[in-house]
Every structure is written in C-alpha cells, then in structure tokens.
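What follows is one structure encoded as structure tokens, with my remarks underneath.
The values are calculated or read from the model by the stated rules, or taken from the named source; none is laboratory data. Please read these numbers as outputs of a predicted model, since none were measured by experiment. Ideal geometry is used to build each Cβ from the backbone, glycine not excepted, and the neighbour counts take in all protein chains shown. Note: accessible area is taken over every heavy atom of the protein model, side chains too, but ligands, DNA and RNA are not part of it. Shrake-Rupley method; radii C 1.70, N 1.55, O 1.52, S 1.80 Å.
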Amino acid sequence: MTHVYKNPVVWSLTVSVAIVGSNSLALGPIAPDIARDLQTDLASILQASAAFGGGTAVSAFFLAKYIDHVGIKAGLCTALLVLTLAFIGTAISMSAWHLVLAQFVAGIAAGVALPACYSGAAVIAPPEQSSRVLGIVLTGWTISLVMGVTLSTLIADSIHWRSVYALFAIVAASITFYNVVASLPGKPPAQNTISMLSAFAIKGVPSLLLQVACYMTAFYGVYNLVGDHVVSTLNYSLSTNALVALSYGIGFGLATLFDPVIDSLIPADGSENKVPATTTAQSERPPPPAPKMRITFKRSSITAMALMALALLYFTLAIASASLATLIIVTGVWGMLNHIGLNILIASLNATNTRHRGAVLGLYSGITYVCMSIGTVIFSSIYQWGDFWLLCLVGSALCLLGTLVAVLWRT
C-alpha cells in the first residue's frame, strides 16, 4: 500500500502547495531588504502580506466554487498561471503599491490553487488512503517553511530580493506545465456551481468550519508571536527563531508517518462498521471464520480527539515557554499535532460532499485566512498587556471550544 508515494501527481500537488506557502511565508523575513531597495518604510511593504491574505480570502470565498464546474485540473493550472504572472509582477515592482497589487493578485490565485490541491488529493487517493495522500500534499507547507523561507532569506541576502520572486516564478511556471500534461482529474461529476451560502448549509460543514476557526485562530495567534517571545523575553538573537521554525517544520513533516493510522481509524465511507444480518438459512450453517476486527471512529470523534490533544499541547507550551530548549522540543510536537489535526479537518470537509468539494474547501481556505488576520490582531492585543504563556492558554481554550463543538455538534 505504499504506491501512493510513487504517484508523481501527488508530488505535483505537494509542490503546488509548497510554492503558495513559500510566497505567504517569505515576505516577512526579507521585507527589510525590499523596503530599503524601494526606499520606503517597512510597514508599507508588510501591507503586501496583508494584501495577499485578503486576496486569498476573497478568492476562496467567491471563486473556488468554480473548481466544481471547470474541473480540478483546469482550476489548478489557471490559478498557477496567474500565480506565475503575479510572481513576475512582484519581481519587477518599482514601488510599494506595485508590490501590494502583485501580491493581491497572488492571493487571488492562491485562493483557488489551495482548494484545488486539497480536492485533487481526495480524488486521486486510492480507497482507504485519503489521509495518507492528503498528508503528503500537506507536507508542501513543511517544504515552504523549512526550504522556501530559508532559501529566500539566503538568496535575498547574497543576490537580491527580486531573485527570490524570479525563482518562485520559474518554479510556478514549471509546475504549471507539468500539471497541464499530468493525469490530474478533469471535470468532476457536478457541472454546476453552488453559492457559498449553499455550501455552508451542507450537512456537517458548519460544525467543521467552526472547528477550523478555533484551530486556525489559536495557531496563527500563538505562532506569529513566538518569535518575539524568543527575542524579547528569553533574550536570544533573531536568528534563533530559525531553530523554532525548523523544529515546527520537522515535526509537521514527520507526522506523515501517522497518516496511515488515521486511514485505519476512519472508514473510507465515513460509516461505522456494521454487523451483517444473517438469514434463517445462513444461521443453520456453521458460522464462517470471524473477520479481522477493525476499530473505527466517527469523524467527529477523531476531530474531537485531535483538538483535545492540541488543547493539552498549548497548555504544555505555556509551561515550556520559560526555556528555549523545552520550547523548541514542544514546538516539534506542536508541528506533529497540527499536521494531524489539519489532515483530519480537511479530510472531513472533503467527505461532506464529493460533488462540491471546491466550494466547501473554498470556505475552508477563506475561513483560514480570515482567522489568520483576526487571530494575529486579537492575540497581539493580549500580548501587549499579558505574556506569551497567556497566549498559549487562550489557544488551549479555543481548542477546547473546538472539541466541544465536535462532541456536541456531531456530523
């Protein structure tokens, strides 16, 4: 059952996620160089990051649903082509506003590309291996975090920041060409699109999106401020944050080893095991050998367990944050649990309606980027008069809320 790792389409989806993730994560570290070159202030450059997030949310809410109409292949390839052009526009930016506009266009492309990748992972996955395939595709975020950000910083420092986006454009163009000729899924069974409101009304979607909101707000709120905690409170250099990011990325990637376990716990059709009924004639025959038992759980139970584990993790992180060594260790575990939680949530959303995955996952991506903005603002305000441990406790409380939603609002 290891042939999924040899499927080139799985890895093309992974690289597609990686190039989107690299763009979303690379701007912050190289922003000072960009500001200096464009002769503007840092805040003006960081507006480009906000524009990317805003473009992604708008696109995910209003454009991702068309994946269900044109098909995953056409949707993904079109999005990656627009992303390539946006990278070129970023590389030749002559002003901060030009940069902001280019990154907004990149966000528009990302809002379609990510749902298309996650939908594609569900469609090409063999029976009972959906979590395994989705887990591989999600490692694109690990690649973007460990390699994309690191290489971007080195290239910007040794060559020029424009070279970073030129490289992004080359990678995006290459993966676009490959996806055009690859055997990606074509048009889906459903040739019609539904509104975001209709997608939200699909059974199971509201509960899962509320769980996603709790999960994402907690993650971005804590992760975006852990760097300042390392520098301001623990009194380490800025470069030390690379160790924290590396630990998180390695943990996120290693968690793919647990994806087969998730597949074994959740049946492919989402139903619980059933005992077949026996007829009178069958009851007179000797009973057949008992089949091998397989313990399975409802998806709501699995998401509840994942969110509960994250709630305990954030509580542990609050204690571990007093020391850099323990912080780095627990951050690795954080990456592992986040991968597992993200895998389960996306897989559960994929299973709610196979005909309208694009619309459902568009809601997911939109909620993700809205929560990224809201989480950063709210947690930054708390951080101003509190401390990092308080952020961790708030993150733990949010995951507990998500656990309650999964338990009480079963799907």
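Listing for the model above:
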{"item": "Options Ala255, Ala201, Ala245, Ala213: the member that is modelled with pLDDT under 90, open to solvent by 20 Å² or more (accessible area, probe 1.4 Å) and under 22 Å from the mean Cα position of the chain (by Cα)", "result": "Ala245"}
{"item": "Residue list for segment 122-155, filter: assigned to a helix (DSSP H, G or I), within 29 Å of Met196 (Cα to Cα) and open to solvent by 10 Å² or more (accessible area, probe 1.4 Å)", "result": "Ala122, Val123, Ile124, Ser130, Arg132, Thr139, Trp141"}
{"item": "Odd one out for Trp334, checked against (1) surrounded by 23 or more Cβ atoms within 10 Å (Cβ to Cβ); (2) more than 20 Å from the chain's Cα centre (by Cα)", "result": "(2)"}
{"item": "Residue among Thr316, Thr411, Thr376, Thr296 that alone is open to solvent by 60 Å² or more (accessible area, probe 1.4 Å), hydroxyl-bearing (Ser, Thr, Tyr) and either at pLDDT below 85 or assigned to a loop (DSSP other than H, G, I, E, B) (or both)", "result": "Thr411"}
{"item": "Matching residues in segment 66-99 - criterion: being at pLDDT 95 or above, open to solvent by 50 Å² or more (accessible area, probe 1.4 Å) and closer than 16 Å to Ala110 by Cα", "result": "Thr78, Leu81, Val82, Leu85, Ile88"}
{"item": "Boolean, Ser119 is assigned to a helix (DSSP H, G or I), in contact with a Leu (Cβ under 7 Å, 6 or more places away or on another chain) and either modelled with pLDDT under 90 or over 27 Å from Lys6 (Cβ atoms) (or both)", "result": "yes"}
{"item": "Unmet requirement for Trp11, which otherwise passes all of (1) closer than 23 Å to Ser158 by Cβ; (2) among the hydrophobic types (A, V, I, L, M, F, W, C); (3) open to solvent by 60 Å² or more (accessible area, probe 1.4 Å)", "result": "(1)"}
{"item": "Hits in segment 379-408 - residues which are open to solvent by 70 Å² or more (accessible area, probe 1.4 Å) and in contact (Cβ under 8 Å) with a residue 60 or more places away in the chain", "result": "Trp389, Leu400, Leu401"}
{"item": "Matching option when the condition is part of a helix (DSSP H, G or I), modelled with pLDDT under 90 and in contact with a helix residue (DSSP H, G or I) (Cβ under 7 Å, 6 or more places away or on another chain), among Gly395, Gly402, Gly358, Gly332", "result": "Gly358"}
{"item": "Conditions (1) closer than 24 Å to Met147 by Cβ; (2) surrounded by fewer than 18 Cβ atoms within 10 Å (Cβ to Cβ); number of the one not met by Pro29", "result": "(2)"}
{"item": "Failed item, numbered, when Ile159 is tested on (1) in contact with a helix residue (DSSP H, G or I) (Cβ under 9 Å, 6 or more places away or on another chain); (2) modelled with pLDDT of 85 or more; (3) open to solvent by 50 Å² or more (accessible area, probe 1.4 Å); (4) of a type outside the set (D, E, K, R)", "result": "(1)"}
{"item": "So Lys6, is it of a type in the set (D, E, K, R) and closer than 23 Å to Ala359 by Cβ", "result": "no"}
{"item": "Residues (part of a helix (DSSP H, G or I) and either modelled with pLDDT of 95 or more or surrounded by 14 or more Cβ atoms within 10 Å (Cβ to Cβ) (or both)) located in segment 178-197", "result": "Tyr178, Asn179, Val180, Met196"}
{"item": "Some residue of segment 31-54 being under 30 Å from Ile124 (Cβ atoms), out of contact with any Ser or Thr (no Cβ under 8 Å at 6 or more places or on another chain) and either without any contact (Cβ under 8 Å) to a residue 40 or more places away in the chain or not small (Gly, Ala, Ser) (or both)", "result": "no"}
{"item": "Some residue of segment 29-40 being over 22 Å from the mean Cα position of the chain (by Cα) and of a type in the set (Lys, Arg)", "result": "yes"}
